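Enquirer: Pasting in a structure now, in structure tokens, and then I'll have a few things to ask.
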Amino acid sequence: MLTKAQADLRDPYLALLDYHKSPISGLSYSPAQMLISRRLRSKVAAAPQFIVPSVVDAHPSLRKRQRQKQYYNRGTKPLLPLKQGDGVWYKQSNQRKKTTVIQRCPEPWSYWIQTEHGILRRNRQHLQKSPRNTNRGYNHLFEDEKDVEASSSNNQQLPVPVSAENCNTTSSGRRILPVFVTL
């Protein structure tokens, strides 16, 4: 609109005024009506009843979005959080493998898991809780349960993947970081 106003040698502020006055698609209100609850004055004459402030109800669009969200999420259920020592399935090279959760990461919905290759960090979405709870894998490294409780109460950070210096790159030049660290 601004380039068109500049090409027609018109005032760019009037073009912005026209933009703020025009209603948004899907709603019957303009951005100015939703912001200041009244229509804007312009060079075009308007009846006084249209310039009087009145509160705009923007809830019809909100209700419509909530209804769409309800229909979209109809068949879903929330994922339950995992606990330390829970047996889970994860996917590696198109094969499902069984492993154990070590602990939850500070990032939302991320977990450290113990595999035969080392420690991996996986999102909860990619972990499926196994039907039977297995405490094998990580906990057998400790002699007794006191060591397990002491290690979990310290909240020590687990090792992070190695530096990006010895990483592979894709054909577009993006770096592929290693996904695990072996102990």
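The values are calculated or read from the model by the stated rules, or taken from the named source; none is laboratory data. Everything numeric here is computed off the predicted structure, so don't read it as measured data. Neighbour counts run over all protein chains shown; Cβ positions are idealised from the backbone, glycine included.
Enquirer: Residues in the stretch 37-53: is at least one farther than 30 Å from THR99 by Cβ, at pLDDT 80 or above, outside the structural domain of GLN103 (by TED's automatic domain parsing) and among the basic types (Lys, Arg)?
Expert: no
Enquirer: Could you tell me which of the residues LEU27, LEU62, LEU35 is of a type in the set (A, V, I, L, M, F, W, C) and part of a loop (DSSP other than H, G, I, E, B)?
Expert: Going through LEU27, LEU62, LEU35 in turn, the sole match is LEU27.
Enquirer: Next question. Which residue out of LEU35, LEU27, LEU14, LEU40 is on the phi < 0 side of the Ramachandran plot and touching a His at 6+ places or on another chain (Cβ under 8 Å)? Talk me through it step by step, then tell me what you get.
Expert: Numbers: LEU35 fails: touching a His at 6+ places or on another chain (Cβ under 8 Å); LEU27 fails: touching a His at 6+ places or on another chain (Cβ under 8 Å); LEU14 fails: touching a His at 6+ places or on another chain (Cβ under 8 Å).
Only one candidate qualifies: LEU40.
Enquirer: Given (1) surrounded by fewer than 16 Cβ atoms within 10 Å (Cβ to Cβ); (2) in a loop (DSSP other than H, G, I, E, B); (3) modelled with pLDDT of 90 or more, identify the lone condition not met by TYR71.
Expert: (2)
Enquirer: Identify, please: which residue in the stretch 37-60 is in contact (Cβ under 8 Å) with a residue 12 or more places away in the chain and closer than 16 Å to ASP18 by Cα and is, among those, surrounded by the fewest Cβ atoms within 10 Å (Cβ to Cβ)?
Expert: It comes out as LYS43.
Enquirer: When the residues of the stretch 38-59 are narrowed to those that are assigned to a loop (DSSP other than H, G, I, E, B) and under 36 Å from the mean Cα position of the chain (by Cα), which ends up nearest to HIS126 (Cα to Cα)? Before the answer, list the steps.
Expert: Taking the stretch 38-59 first, the residues assigned to a loop (DSSP other than H, G, I, E, B) are 38-47, 52-58.
If we keep only those that are under 36 Å from the mean Cα position of the chain (by Cα) too, we end up with 38, 55-58.
Working: ARG38: 50, VAL55: 47, VAL56: 44, ASP57: 42, ALA58: 38 Å.
Among those that are assigned to a loop (DSSP other than H, G, I, E, B) and under 36 Å from the mean Cα position of the chain (by Cα), it is ALA58.
Enquirer: Which ones in the stretch 9-55 are among the hydroxyl-bearing types (Ser, Thr, Tyr) and closer than 23 Å to ARG65 by Cβ?
Expert: SER22, SER25, SER28, TYR29, SER30, SER37
Matching residues to (1) within 16 Å of LYS83 (Cβ to Cβ); (2) surrounded by fewer than 15 Cβ atoms within 10 Å (Cβ to Cβ):
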| residue | (1), (2) |
| --- | --- |
| ARG96 | no, yes |
| THR99 | yes, no |
| ILE102 | yes, no |
| GLU107 | no, yes |
| GLN114 | yes, no |
| ILE119 | no, no |
| GLN125 | no, yes |
| LYS129 | yes, no |
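Enquirer: Still on this structure: Could you please find all residues in the stretch 82-103 being assigned to a strand (DSSP E or B) and without any contact (Cβ under 8 Å) to a residue 40 or more places away in the chain?
Expert: Passing the criteria: TYR90, LYS91, GLN92, GLN95, ARG96, LYS97, LYS98, THR99, THR100, VAL101.
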